[in-house]
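Just below is one structure, and these are the notes that go with it.
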Amino acid sequence: MKLPAFAALPKNFLALAGIVLLAIAISPVAADGSRVFLEIGNLTDILRQISLIGIISLAMTFVILTGGIDLSVGSVLALSTSLTAMWLTRGYTHSVAVAILVAVAACALAGAVNGLVIAFTDIQPFIVTLASMIGVRGLAKWLSSNQNIDIGFGQDLAAHFAAVFRQKALVIGSYAAASAAFWTLLSRTVFGRHVRATGDNERAALHAGLPVRSTKVWVYTLTGLLSGFAGVLYAAENHQGNPNAGVAYELDAIAAVVIGGTRLSGGKGSISGTIVGTLIMGVLTNMLRLNNVDSNVEMMIKAVIIVLAVAVQRGKGGNGA
Amino acid sequence: MKLPAFAALPKNFLALAGIVLLAIAISPVAADGSRVFLEIGNLTDILRQISLIGIISLAMTFVILTGGIDLSVGSVLALSTSLTAMWLTRGYTHSVAVAILVAVAACALAGAVNGLVIAFTDIQPFIVTLASMIGVRGLAKWLSSNQNIDIGFGQDLAAHFAAVFRQKALVIGSYAAASAAFWTLLSRTVFGRHVRATGDNERAALHAGLPVRSTKVWVYTLTGLLSGFAGVLYAAENHQGNPNAGVAYELDAIAAVVIGGTRLSGGKGSISGTIVGTLIMGVLTNMLRLNNVDSNVEMMIKAVIIVLAVAVQRGKGGNGA
Amino acid sequence: MLQARDIRKHYGGVHALKGANFDLRPGEVHALVGENGAGKSTLARILAGSTRADGGSILRDGREVRIASPLDAQRLGIGIIYQELDLFPNLTAGENIVAGNLRFREGAMVRFGEMERFCRPFLAQAGLSCPVDTPAGELSIGQQQMLAIARALSMDARILLMDEPTSSLFDDAAERLFELIAGLKMRGVSIVYVSHKMDEIFRIADRATVLRDGETVGTVEIAATSVESIIRTMVGRDVTIAQRAGRGPAGEVALEVDGLTTAKLRGVSFTVHRGEVLGIAGLVGSGRSELGAALAGLDRVVSGAIRARGGFGLVPEDRRVEGLMMRMSVLENGTIAVLPRVSRAGFVARTAERRMLDPVAAGLALNCPSMDAPVSQLSGGNQQKVLLARWLLVNPDILFLDDPTRGIDVGAKQDIYRMVEELARAGKAILLVSSELPELLRLSDRIVVLHEGRVAARYDAEEATQERIMAAATAASGTGARPQ
Amino acid sequence: SGPAKKQFFVAFSQANNAEPYRAAQNELMTQLFARQPDVKLVISDAQQDNSRQVAQVETFIRQKPDLLIVAPNERAALTAVMGQAMDAKIPVICLERDILQPNYTSYVHSDNLTIGHMAGEFIVEQLQKKYGAPRGNVVAIRGLLGVEGEINRDKGAREVFAKYPDIKIIADPVADWIQAKAKDRMTEVLRAQPKIDVVYGHNDPMAVGAYLAARELGRDKEMLFVGVDGLGGEAGGIKKVMDGVLAATFVYPLCVDKAVDVALHILRDSSFRPEKEYRIIPTLVTSANAAELYGK
Ligand SMILES: Nc1ncnc2c1ncn2[C@@H]1O[C@H](COP(=O)(O)OP(=O)(O)OP(=O)(O)O)[C@@H](O)[C@H]1O
Ligand SMILES: Nc1ncnc2c1ncn2[C@@H]1O[C@H](COP(=O)(O)OP(=O)(O)OP(=O)(O)O)[C@@H](O)[C@H]1O
Ligand SMILES: [Mg+2]
Ligand SMILES: [Mg+2]
């Protein structure tokens, strides 16, 4: 039986494969004659660099499938970095787990508030999450008094936390695990079906008696949760809680989802597509950086390649909404 | 005869009136007992401050009505500021009009490219304009070699330009004129009908033989043009061409449109609503600043008020897409 | 079994229902009839729990029940097939069947095997042969209709509400539906059958309840009444079913199609003359709509030639998807294709616009609260009239009508027939697709039968019969087809 | 003298509060004014947006403060509106960044070009120590292009390196002042460059980001990290020098103590005539003096 999540795969992969081949072709060559792009270290760098946006974009896929959008992910990530670092460095707890739990739970709560407002009022998700993007950023800065909260390199709890959670394997592993979980959730569970049904035809979903509201609350809660978890990784990686972190992450996450073939109008899309979309962006950036392209020219090339990559994976048909 | 553009008016006005009353109520009182908020100077300050986003959001309303979105407006504005300042300060021309024309024309062209790609391919407007948001920013920075191009206060052409175009009356007047023009365009012309029909049901519009493609090309061209014009005003107001200007303006413009009651799914909305949405944001900011609210707390309050303002102007019914 | 008493419902100032009564017996097929906008769909939606009534009561087996949600209805054994087919286009056929289905018990995880086992029999019962994992959006309207039926069957409804289920089915598919209904009846299932097609009602229904302006005006035993009597009750006056008026000789050739081949069509050739109505028959999916799309230039033509003398207009078959801008007003929808005529320098003259639409709307007996109301608030039949008004205003020389009477009441149908005849008399060339053979036979001068994208047969009006057309449409070996 | 207890209202328009340097300015200013019971301070944050800052200054002018302090986001943009404040007879202190016309009562600043020179010379000195001759590979991590601080911190160092042909800037990625971006950009540089001697981050967070990247690849011992800003506190650059993360940083003075000092004089002493310009000299921070500076 053909699974819906696979439907979009081949064309997505085509675009990704094209960019990978280009990256290999124009990769600088190391002293030993090998292509820098293909070095294991470089490839895992790419994976590590896309992991945070990657994790957020998984949940964003669900939100967009329901026909919604979440602009607050960057601010929620910032809240999480600040909370994690505050709990670890200010002696509120002696357990790394507790600190992480507090941060992630607070973020899930922020997501749930988004979800509740969206599910129980008629206000468009764009507005609700725009408001929480502003509000949560304010909260993060207010909690941390506009300061970065540093995690040192000493022997304390915080440093221990950073040492563990900044490990490449752990970061990439988290992304992989979250990908697998969300792929399963979307294509193998009843919840996933409700997500797709809600975005596909909300009225029909209501007529069929599907739990449209609770589905919406859940997808935003999940987005908050994953953004919070991404924030924990950010704090470890950058050795600091930073209330200004994550600016414009929502655009990156949405871009990954949409480049991956998910329609912003909802109902149609896949986790595999989103992963491919995330990879396309990651490889593209890495390719241009490895070749020392001037940062402005890099932006112009990127613009063209994004459009081409999406064009490749589209046949005709469908509407451009 | 009730015009569709007025349909959304009363409830919009309710939200705006509420915020204005609140602003008057909590306004600080000047030494002479008058309320600072109500001073003519302050009221015109608000209008001047919202003019740029206001002008952009007029065209953004059209784009959103067709079911599209334009993320590139901030970058296009930056391109315009840079071009204007370059042409004025580098002796490319001896006419202010020519400099403005070059900048605005280039921006309209950028918009037209967006429109052409959107109209003639199947790629979602979000992706196309995200790409041009990146690409045009790169172009602006590349053209100006990452430098701000300062317009001095001397007696030269550029200074003369700035002196004229930064005048409050001219800026507010431009916004008023553009508002009137776009209101007329939407509610009184054939083109306006086509815009709404395209967003309401694109397939039906095609079946009815409407020029769907050229309509799309035009709305994006208009957005480029108005962003370009806003960029000219920006250059005068800030006495510089600035390739880093306008970051996140797209969010402000879209927020104004959506707070004004236009649906992101297209087909339904009004220019009057957008103007009210812009005013709500402007008055809100002014109110919080006049009362010296801490900038982080300001963000939190703003989030709540945005949601409340939108909630007020909505009854039940409609869907939350 | 199910009783509705004094049901009331209003939308703003519009009273959709103001005292609807209705009484369903076990194992009967109960027709619900009335003009467009009489409130049939509203009553069905209330019984199915998707719309809340303002007042009145509902009794199930004599006990008063509250139907506040679709799930309540499902628990009471009430299933519905909506007029606007509420399916999930991007979900598979199987997912459409099991979503929200209380009969299909599942845990948190999807078990595809079980889903397939569950759905198969119902798909087969409904006569749908597609795989369980076909996305619903890839099915034709007719197939989607059957999918909706399969879905209702799978919920083991004891009461099945069908809102115009045959409005997009061709006769053979309708035939299968009637067999299905007969089978359900045998098993004691009660069926509420909303339809505008009197022949169907007289074939399958036991009783009929007539709604007029939101009120029940009576319930009759079908065996003891006549078509004329029911129609009189519906409309409140006599409706003369005009027979086909004699028509003058056809004029010059208006449209010549030669070997037209597209993704779905294979070498289609025919000519249409001015003043002539060419009927196009065929099964669901035979390519009738594709022909319209190809002629309108909306589909890519692979080979063949289209020679048209004069402008071409297409009234699409699915008014919601391809026809109307649902959020725009009646007026705006009516005039959208002819705005240049009432505008100067790009500015629309609103009074002239209204003056232009008014007579056309009156001619079609368009019934709407106001010209400025969004079309979404109109009943299905009146929406169709708005779409027709648009094309009457365009007034092209060649007009392709794709099932123009779909979901239209008997009275309004007569209006449309009259309109088609007037157009032909005025020298227009008309191509007419219809799912109802009597209608096709009544209106056409000649009939072309399509089968799998090919022309299977051609008939003159005199020689065509329902049996001949059906035979040609179902088997390519055109029985009695006259080679041309 | 006038009424005994006049309350003064001081408005501070900050360009943004997102960078640690700016946050430190705000904090110090809040602290210093808090000690003055007769002064009420209000800070606004323009979030790096010229138009927003102009609007905020306009709103301040409406409130008629006794003194206005502006840390301009950009030179040209704020010039006119600060002129308006002067016209409204509000004393204006321009903090840290220059504007096009002298529309201020007093200008308190340091000098990024000097910092660039000092950084360049420090790096040359270190390379001289390492190789016995001024040669080696330098990576510059750049802030947001086009900004004055970025331009001069870069230019100053390049002017110094220009004198030594064997010192090469082998990569200069742009990280927009942001630590997380610097880490990603440095990772790519490390992949492409086998030999790096010094990393010059145009601010401390970017230098720390580069350090984190190198550390992850086990190459942090191979090179020195030099930053700029030298903020105090746990998260500041001075602590990073003490921790051995940075070889050096340069205190880019907050300028706030001087500004507050001048402000208080203007407010309380009507006969006080401030200088038009106060220039505050940057300080080099190395392991030798870090602990001492950190205590302050
Ligand atoms: N959502 C709605 N908003 C406003 N008015 C509505 C709405 N739905 C139905 N109506 C109105 O209620 C009345 C009854 O509509 P309903 O759809 O029940 O008619 P119907 O008998 O099913 O007609 P048809 O045969 O054309 O399908 C009509 O006047 C219609 O305009
Ligand atoms: N959106 C679609 N995607 C895939 N196949 C389609 C789609 N629309 C129609 N088809 C298929 O194309 C074929 C021709 O469809 P068409 O609509 O032209 O048939 P038709 O004779 O007009 O029948 P109908 O009565 O359903 O309109 C059918 O097999 C149908 O299933
Ligand atoms: Mg109906
Ligand atoms: Mg058809």
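Name the residue that is nearest to the chain's Cα centre (by Cα), counting only residues in the range D:109-144 that are of a type in the set (Val, Ile, Thr), part of a helix (DSSP H, G or I) and farther than 19 Å from residue D:281 by Cβ. Going through the qualifying residues, I end up with D:123. Taking the conditions (1) within 24 Å of residue C:29 (Cα to Cα); (2) within 14 Å of chain A (Cβ to nearest Cβ); (3) within 16 Å of ligand 2 (Cβ to nearest atom) in turn, residue C:142 satisfies each one other than (2). Every condition in (1) touching a helix residue (DSSP H, G or I) at 6+ places or on another chain (Cβ under 6 Å); (2) assigned to a loop (DSSP other than H, G, I, E, B); (3) more than 9 Å from chain B (Cβ to nearest Cβ) is met by residue C:353 except one, and the failing one is (2).
Being more than 16 Å from ligand 3 (Cβ to nearest atom) and in contact with a Phe, Trp or Tyr (Cβ under 7 Å, 6 or more places away or on another chain) holds for only one residue in C:430, C:416, C:447, and it is C:447.
Taking the conditions exactly as written (within 16 Å of ligand 2 (Cβ to nearest atom) and either of a type outside the set (A, V, I, L, M) or not assigned by TED's automatic domain parsing to the domain that holds residue C:280 (or both)), does residue C:323 satisfy them or not?
Details: within 16 Å of ligand 2 (Cβ to nearest atom): yes; either of a type outside the set (A, V, I, L, M) or not assigned by TED's automatic domain parsing to the domain that holds residue C:280 (or both): yes.
Yes.
Considering only the range B:167-184, how many residues are surrounded by 17 or more Cβ atoms within 10 Å (Cβ to Cβ) and facing another protein chain (nearest Cβ under 9 Å)?
To start, the set of residues in the range B:167-184 that are surrounded by 17 or more Cβ atoms within 10 Å (Cβ to Cβ) comprises B:171-172, B:174-175, B:178-179, B:182-183.
Adding the requirement that they be facing another protein chain (nearest Cβ under 9 Å) leaves none.
Selection size over the range B:167-184: 0.
For the subset of the range C:108-131 comprising residues that are away from ligand 2 (no atom under 16 Å from the Cβ) and within 20 Å of residue C:284 (Cβ to Cβ), which member is surrounded by the most Cβ atoms within 10 Å (Cβ to Cβ)?
Of all residues in the range C:108-131, those away from ligand 2 (no atom under 16 Å from the Cβ) come to C:108-122, C:124-125.
When the remaining residues are screened for being within 20 Å of residue C:284 (Cβ to Cβ), the result is C:122, C:124-125.
Values: C:122: 22, C:124: 11, C:125: 17.
Per the stated criteria, the residue is C:122.
Here residue C:57 does not qualify as within 16 Å of ligand 3 (Cβ to nearest atom), surrounded by fewer than 22 Cβ atoms within 10 Å (Cβ to Cβ) and not aromatic (Phe, Trp, Tyr).
Given the condition modelled with pLDDT of 95 or more and either out of contact with any Ser or Thr (no Cβ under 6 Å at 6 or more places or on another chain) or within 14 Å of chain B (Cβ to nearest Cβ) (or both), answer yes or no: does some residue in the range A:230-237 qualify? Checked the range A:230-237: at least one residue is modelled with pLDDT of 95 or more and either out of contact with any Ser or Thr (no Cβ under 6 Å at 6 or more places or on another chain) or within 14 Å of chain B (Cβ to nearest Cβ) (or both). Out of the residues in the range A:255-271 that are in contact with a Ser or Thr (Cβ under 8 Å, 6 or more places away or on another chain) and outside any loop (DSSP other than H, G, I, E, B), which is farthest from the other protein chains (Cβ to nearest Cβ)? Ranking the candidates gives A:271 first.
Against the condition within 16 Å of ligand 3 (Cβ to nearest atom) and either within 26 Å of residue C:1 (Cα to Cα) or surrounded by 19 or more Cβ atoms within 10 Å (Cβ to Cβ) (or both), how does residue C:99 come out, does it pass? It is false that residue C:99 is within 16 Å of ligand 3 (Cβ to nearest atom) and either within 26 Å of residue C:1 (Cα to Cα) or surrounded by 19 or more Cβ atoms within 10 Å (Cβ to Cβ) (or both). Annotation note: of C:389, C:361, C:345, the sole residue that is away from ligand 2 (no atom under 16 Å from the Cβ), small (Gly, Ala, Ser) and under 30 Å from residue C:260 (Cβ atoms) is C:389. Just one of the numbered conditions (1) in a helix (DSSP H, G or I); (2) acidic (Asp, Glu); (3) within 15 Å of the chain's Cα centre (by Cα) is not true of residue A:45: (3). For the range D:183-190, check the following and say yes or no: at least one residue is over 24 Å from residue A:77 (Cβ atoms) and either surrounded by fewer than 18 Cβ atoms within 10 Å (Cβ to Cβ) or modelled with pLDDT of 95 or more (or both). Checked against the condition, which is being over 24 Å from residue A:77 (Cβ atoms) and either surrounded by fewer than 18 Cβ atoms within 10 Å (Cβ to Cβ) or modelled with pLDDT of 95 or more (or both), the range D:183-190 yields no hits at all. Restricting the first member to the range C:43-66 and to residues that are touching a residue at least 60 places away in the same chain (Cβ under 8 Å), and the second to residues that are in a loop (DSSP other than H, G, I, E, B) and away from ligand 3 (no atom under 16 Å from the Cβ), the beta-carbon pairs closer than 7 Å and six or more apart or on different chains are C:47/C:67; C:61/C:1. Scanning the range C:195-220 for residues that are part of a loop (DSSP other than H, G, I, E, B), buried (at least 18 other Cβ atoms within 10 Å of the Cβ) and among the charged types (D, E, K, R) turns up just one, C:197. Only a single criterion out of (1) in contact with a helix residue (DSSP H, G or I) (Cβ under 7 Å, 6 or more places away or on another chain); (2) facing chain A (nearest Cβ under 8 Å); (3) farther than 24 Å from residue B:129 by Cα; (4) surrounded by fewer than 24 Cβ atoms within 10 Å (Cβ to Cβ) is not satisfied by residue B:251, namely (3). The residue that is farthest from residue D:155 (Cα to Cα), among those in the range D:199-230 that are of a type in the set (D, E, K, R) and surrounded by fewer than 24 Cβ atoms within 10 Å (Cβ to Cβ), is D:216.
Which residue, of C:292, C:279, is crowded, with 22+ Cβ neighbours inside 10 Å and either within 14 Å of another protein chain (Cβ to nearest Cβ) or of a type in the set (Asp, Glu) (or both)? Spell out how you get there, then give the answer.
Numbers: C:279 fails: either within 14 Å of another protein chain (Cβ to nearest Cβ) or of a type in the set (Asp, Glu) (or both).
The conditions single out C:292.
Looking only at residues of the range C:358-385 that are in a helix (DSSP H, G or I) and within 24 Å of residue C:275 (Cα to Cα), we find that the one that is farthest from ligand 1 (Cβ to nearest atom) is C:359.
Just to check your reading of the model, which residue among C:297, C:285 is away from ligand 4 (no atom under 16 Å from the Cβ), surrounded by fewer than 24 Cβ atoms within 10 Å (Cβ to Cβ) and not in a strand (DSSP E or B)? Write out each step before concluding.
Details: C:285 fails: away from ligand 4 (no atom under 16 Å from the Cβ).
Of C:297, C:285, the one residue that is away from ligand 4 (no atom under 16 Å from the Cβ), surrounded by fewer than 24 Cβ atoms within 10 Å (Cβ to Cβ) and not in a strand (DSSP E or B) is C:297.
Cβ-Cβ under 7 Å, sequence separation 6+ or interchain: first residue in the range D:138-153 and without any contact (Cβ under 8 Å) to a residue 40 or more places away in the chain, partner part of a helix (DSSP H, G or I). Which pairs? That search, which allows pairs on different chains as well, returns D:144/D:150; D:145/B:141.
The values are calculated or read from the model by the stated rules, or taken from the named source; none is laboratory data. Note that the structure is a prediction, hence the values are computed from the model and not measured. Cβ: placed from backbone, ideal geometry, glycine included. Neighbour counts: every protein chain shown.
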